[in-house]
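A short write-up of the structure that comes next.
The values are calculated or read from the model by the stated rules, or taken from the named source; none is laboratory data. Note that the structure is predicted; figures quoted are calculated from it, not measured. Note: ideal-geometry Cβ built from the backbone for every residue, glycine included; neighbour counts use all protein chains shown.
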Amino acid sequence: MAAEDDISKDIDQLKKDLAGLRADLGTLMAGVKELGLEQGRSAYERVRESGERARSQAQATQENVEHYIEERPLTSVLVAFGTGFVIGMLLGHRR
């Protein structure tokens, strides 16, 4: 009978330990989830800021090109023609 009581106590203790482990694992998983969400938010914010900088730089470059074309329309047309001609020659010789 004493052996059965010991086994019963051991089983009860194992159940308590498993319940504690289950609770600890739940807390750990919640922490990992929160950490993942925070890192995701941080990465999204960095990507968004990089995109905004790139868009701003592209817009500034576009404005500079427009300003250059408005100031020098003939030069711009000649540069575009020359560039197209050179590219056409390079691609035409590949065949």
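Could you go through the stretch 57-80 and let me know if any residue there is loosely packed, with under 10 Cβ neighbours inside 10 Å, modelled with pLDDT of 90 or more and of a type outside the set (A, V, I, L, M, F, W, C). Scanning the stretch 57-80 turns up at least one residue that is loosely packed, with under 10 Cβ neighbours inside 10 Å, modelled with pLDDT of 90 or more and of a type outside the set (A, V, I, L, M, F, W, C). Residue-level analysis places LEU90 among those that are surrounded by fewer than 10 Cβ atoms within 10 Å (Cβ to Cβ) and in a helix (DSSP H, G or I). Of the residues in the stretch 46-54, at least one is surrounded by 10 or more Cβ atoms within 10 Å (Cβ to Cβ), among the β-branched types (Val, Ile, Thr) and within 23 Å of the chain's Cα centre (by Cα).
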